[in-house]
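Quick notes on the structure that follows.
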C-alpha cells in the first residue's frame, strides 16, 4: 500500500498501537487458542490481560462477561507478515470488537463501532490485504440492516477503507447493494429492490482516495437511502435503543450523566482524544501553546528531541474555525465520521508545519505538526503514520 497521508475518517472507533509483555520472562506461543483465552480473561475484567491486548475492552464500565462469539482468523501479507483477526460479538453491541494483532500481540486496529451479529466476510483478492466484517442488526424494533466494513492492511498499519450498508429489509420490502467490481482504483456496486423504488437498478462507484486511504463515492446512494428510510420510519419502539453515549451508558446500568465511557487508548488520560506514539516522544500535558497561533491555548504537546519535532493538540470551541487563530487557510478537507480540514506542508522559518482541524459532534481539535526542514523528508512517513492514529471521542 502506498504510504500517503491517511486521515482516518471512519464510523466506528480505530487506533494503531503496540503492546509488550516485558514482565513475563517466558515467551508464550501466540496462536488463536492463546489469544482466545486472553480475550475471555479481559472480558471478565482482568486489567493486566486487557492491557496486554492494548485496551481491548473499556474497564471503566462493567465487564463484558460471557461473550456470544469469539472468531479468530489469520492473514498473511505479501511480505509474509502474519496477523490475527479477532472478532468479538456480545448481546450488547457496546462490547462488540474487531481487533488486529501481529505475532507479538502488537495491536494495529481495534474497532469498537460494530453492531449486532458479526461475521468475517470472504477475503478480497487484492494482494491478501483486504478483509471485511458483516454486521446484521435491527433498528426501531423492525428494520433489518446489513452493513459491510472493509479494512486494508500492510506491514505497518490497518485502516477502514469502506463502510456501506448492503441490505435493508423493511416490512415486506427488501433493498440491497452488492459489490460488482473491486480493484485498487475503484469499487462498483449494484442496487436492487424487491419493489419499485428510487434506487432500483441503479449503481454506484467508490473511487480510492489516496489522502484518506478509503474508497469514496460522490453520491453514496444506498447509504443515504437507508438513512432516510430509518429516520422517516415511524414506530413506537419497545426495546431499548442505543443511539448515543447516554443510551449506551444506560444499557450497562450506568447512571446517565456519568462520564464513564472513555477511550482506553488515550495517551492524554481522559482528554477526549488519543494519539499513538513511540517511546522516543515525550508528552507534556496542560501546557500553554502559542506557536503559530494568535492567542494562547492550553493543550498537549508531544516532543521528540532526537529529531527536533513537536506535535500540538489543542481543543477549542466547536463553533470556531482554525482560521480565526492562524494566518493560514486550511484548503483541503475530507469527510467521514470526522470532518477534517488541513493544509499542505508550509515552510515557516526553519520548520515545516502542517495544520489539521478535526470536528465531530460538538467537539473540535487542532493538531499542529512541526518538524525541522532538514529532517522532514527523512521522517515524513513516520509523521503520517502518527497522524493516522489520531482519534477523538464524539
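Select from region 65-79 the residues that are modelled with pLDDT under 90 and not in a strand (DSSP E or B) and list them in ascending order. Give the derivation first.
Of region 65-79, the ones modelled with pLDDT under 90 are 65-66, 75-79.
Hits for region 65-79 are 65, 66, 77, 78, 79.
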Selection count, region 57-79, where residues are closer than 18 Å to residue 109 by Cα and either in contact (Cβ under 8 Å) with a residue 60 or more places away in the chain or over 22 Å from the mean Cα position of the chain (by Cα) (or both): 4
Residue tally, condition closer than 20 Å to residue 314 by Cβ and either in contact with a strand residue (DSSP E or B) (Cβ under 8 Å, 6 or more places away or on another chain) or not assigned by TED's automatic domain parsing to the domain that holds residue 279 (or both), over region 345-394: 31
Out of 212, 247, sole residue that is surrounded by 17 or more Cβ atoms within 10 Å (Cβ to Cβ), under 27 Å from the mean Cα position of the chain (by Cα) and either modelled with pLDDT under 65 or part of a loop (DSSP other than H, G, I, E, B) (or both): 212
Among the residues listed as 333, 280, 318, 382, the single one being under 23 Å from the mean Cα position of the chain (by Cα) and under 30 Å from residue 59 (Cα atoms): 318
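Looking at 324, 330, which is the one that is assigned by TED's automatic domain parsing to the domain that holds residue 282, free of Cβ contacts under 8 Å to residues at least 40 places away in the same chain and out of contact with any helix residue (DSSP H, G or I) (no Cβ under 9 Å at 6 or more places or on another chain)? If you could, list the steps in order and put the result at the bottom.
Values: 330 fails: out of contact with any helix residue (DSSP H, G or I) (no Cβ under 9 Å at 6 or more places or on another chain).
Selected residue: 324, the only one of 324, 330 that is assigned by TED's automatic domain parsing to the domain that holds residue 282, free of Cβ contacts under 8 Å to residues at least 40 places away in the same chain and out of contact with any helix residue (DSSP H, G or I) (no Cβ under 9 Å at 6 or more places or on another chain).
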Residue 336, sole failed condition from (1) under 22 Å from residue 393 (Cα atoms); (2) at pLDDT 85 or above; (3) surrounded by 12 or more Cβ atoms within 10 Å (Cβ to Cβ): (2)
Residues located in region 316-331, provided they are crowded, with 18+ Cβ neighbours inside 10 Å and not in a loop (DSSP other than H, G, I, E, B): 322
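Which members of region 304-315 meet the condition of being at pLDDT below 90 and assigned to a strand (DSSP E or B)?
Residues of region 304-315 that are at pLDDT below 90, as a first pass: 304-308.
Once the filter is applied, which keeps residues that are at pLDDT below 90 and assigned to a strand (DSSP E or B), region 304-315 yields only 304.
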Filtered residue count, region 16-53, keeping only those that are at pLDDT 90 or above, under 24 Å from the mean Cα position of the chain (by Cα) and part of a loop (DSSP other than H, G, I, E, B): 1
Candidates 79, 74, filtered to the one that is surrounded by fewer than 15 Cβ atoms within 10 Å (Cβ to Cβ), assigned by TED's automatic domain parsing to the domain that holds residue 181 and in contact with a helix residue (DSSP H, G or I) (Cβ under 8 Å, 6 or more places away or on another chain): 74
Checking residue 172 against (1) under 30 Å from residue 387 (Cβ atoms); (2) out of contact with any strand residue (DSSP E or B) (no Cβ under 8 Å at 6 or more places or on another chain), the condition it does not meet: (1)
Out of 149, 161, 156, 197, sole residue that is within 20 Å of residue 100 (Cα to Cα), touching a residue at least 12 places away in the same chain (Cβ under 8 Å) and outside any strand (DSSP E or B): 156
Among (1) surrounded by 11 or more Cβ atoms within 10 Å (Cβ to Cβ); (2) closer than 26 Å to residue 339 by Cα; (3) at pLDDT below 90 - the single one residue 232 does not satisfy: (1)
Count of region 346-374 residues which are surrounded by fewer than 17 Cβ atoms within 10 Å (Cβ to Cβ), over 23 Å from residue 113 (Cβ atoms) and in contact (Cβ under 8 Å) with a residue 24 or more places away in the chain: 4
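The values are calculated or read from the model by the stated rules, or taken from the named source; none is laboratory data. Model, not experiment: these values are computed from the prediction. Counting neighbours? That spans all protein chains shown, and the Cβs are built from the backbone with ideal geometry, glycine included.
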